[in-house]
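The values are calculated or read from the model by the stated rules, or taken from the named source; none is laboratory data. All values derive from a computational prediction rather than experimental measurement. Here the Cβ positions follow ideal geometry from the backbone for every residue, glycine too, while neighbour counts run over all protein chains shown.
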Amino acid sequence: MTLVVAVVGGGQLARMMTPAATALGIHLRVLVEGPATSAARVVVDAPVGAPRSAADVLDLVLGDAERPRADVLTFEHEHIPAEVLAAVEAAGVPVRPGPDALRHAQDKLVMREHLTALGVPCPAWAPIPDAAALDAFLAAHGGPDGQVVVKTARGGYDGKGVRVVRESSEVAEWFAAAAVGGPALLAEEKVPFVRELAVLLARRPSGEVAVWPVVETVQADGVCSEVVAPAPGLDAHVERIALDAARRIADGLDVTGVLAVEMFEVAGTGGGPGSVVVNELAMRPHNSGHWTIDGAVTSQFEQHLRAVLDLPLGDPSPRAAWTVMSNVLGSSLDRLTDALHAVVGADAGARVHLYGKDIRPGRKLGHVTVCGDDLADVRARARAAAATLRGEPAHG
């Protein structure tokens, strides 16, 4: 009988699981928010429902006389209540990653507490229940520019729910929201980082782990705009620390599936070796791993499906010396497909991935991947193709 993987969330991550599922003969059933979502446009079995509804999610996994029961439930975003996942487990369907692991990606305070207990390098941080607590944290950790980072513990992504502040008044409305049941807040040291890195790995219930090379990520307005694999010029000492931190997190939190660990690379003191501090976690396929579709032997999407089904993991080795993934963030075009002739005509090696989304400013609409032996050439080609899809002049 065909294996059935149920996925909560109808965005581009579920959409990009489809080719891998098809190749492996896996039936993908995706709970989508509406019939026009990215995944709903390509997934045949895509019932409409709400991730916060236990009835909708149970219907997704339990099926009916004509729809077989799912072998496992996974997701493409973390915004699913713990009680909904508990209901799925009570019905006898495995949830991967499990609710205990997932809450570390759902709640940044829980994440910081557990990572600190695991000895994972983190920025200085503290819960801030009120303005006085934030004023105290600013005084202790404001650094040369007097700034710290304030985050909502739950619900933030792609730069949302994150502010860099000098005064507690800059988040007054967040404190007001927290006082009436909104998300709690935490403050973190503003890390003077050299660049941003990410480690992507996959872990199956048996404990087998497969790790892709450490990558460099480039942000634009809080959203990832480019990924370079592997991270250029990465010191071997820093690489070891980054990989050790990611493995420690995966094992310590009992993660199943793909785990993305976003990090800051920091310079050493007094000419000594550098290090990393962990910024964020995602327990699902992640933007920092899109390069693996074209640039690795096993993509993050195939690996995630293998991991949640407890199948042996695939080879994460890169296929080329360099791979650059450039995001298409917004576009001035009416249809991105209008640019396909120009993009593929200019560069036969550019791999275009469009998400079938309506165009809005700054929205992730797709990405372009280029692989090769010369980093400068690969990066320029990826940027040029993405710029064409945005309706802009090509970047050098």
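The condition (being crowded, with 17+ Cβ neighbours inside 10 Å, small (Gly, Ala, Ser) and part of a helix (DSSP H, G or I)) is satisfied by just one residue among 231, 250: 250. Looking only at residues in segment 169-209 that are in contact with a Leu (Cβ under 8 Å, 6 or more places away or on another chain), part of a loop (DSSP other than H, G, I, E, B) and of a type outside the set (A, V, I, L, M, F, W, C), the one that is farthest from residue 153 (Cα to Cα) is 208. For segment 309-340, filtered to residues that are among the polar types (S, T, N, Q) and not in a loop (DSSP other than H, G, I, E, B), the residue that is nearest to the chain's Cα centre (by Cα) is 327.
The rows are residues; the columns are (1) closer than 19 Å to residue 192 by Cβ; (2) more than 16 Å from the chain's Cα centre (by Cα); (3) assigned by TED's automatic domain parsing to the domain that holds residue 77.
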residue: 90; (1), (2), (3): no, yes, yes
residue: 100; (1), (2), (3): no, yes, no
residue: 105; (1), (2), (3): no, no, no
residue: 108; (1), (2), (3): no, no, no
residue: 118; (1), (2), (3): no, yes, no
residue: 132; (1), (2), (3): no, yes, no
residue: 142; (1), (2), (3): yes, yes, no
residue: 148; (1), (2), (3): yes, yes, no
residue: 154; (1), (2), (3): no, no, no
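Only residues in segment 341-354 that are assigned by TED's automatic domain parsing to the domain that holds residue 292 count as the first member; pair them with residues that are of a type outside the set (Val, Ile, Thr) and surrounded by fewer than 15 Cβ atoms within 10 Å (Cβ to Cβ), Cβ under 8 angstrom, at least 6 apart or cross-chain, and list the lot. From segment 341-354, the pairs are 352/340.
The residues listed here are 250, 320; of these, the one that is in contact with a Lys or Arg (Cβ under 6 Å, 6 or more places away or on another chain), assigned by TED's automatic domain parsing to the domain that holds residue 369 and of a type in the set (A, V, I, L, M, F, W, C) is 250. Summed over segment 341-358, residues that are under 27 Å from the mean Cα position of the chain (by Cα) and closer than 22 Å to residue 227 by Cβ total 10. Across segment 45-85, the number of residues qualifying as at pLDDT below 95, surrounded by fewer than 17 Cβ atoms within 10 Å (Cβ to Cβ) and hydrophobic (A, V, I, L, M, F, W, C) comes to 2.
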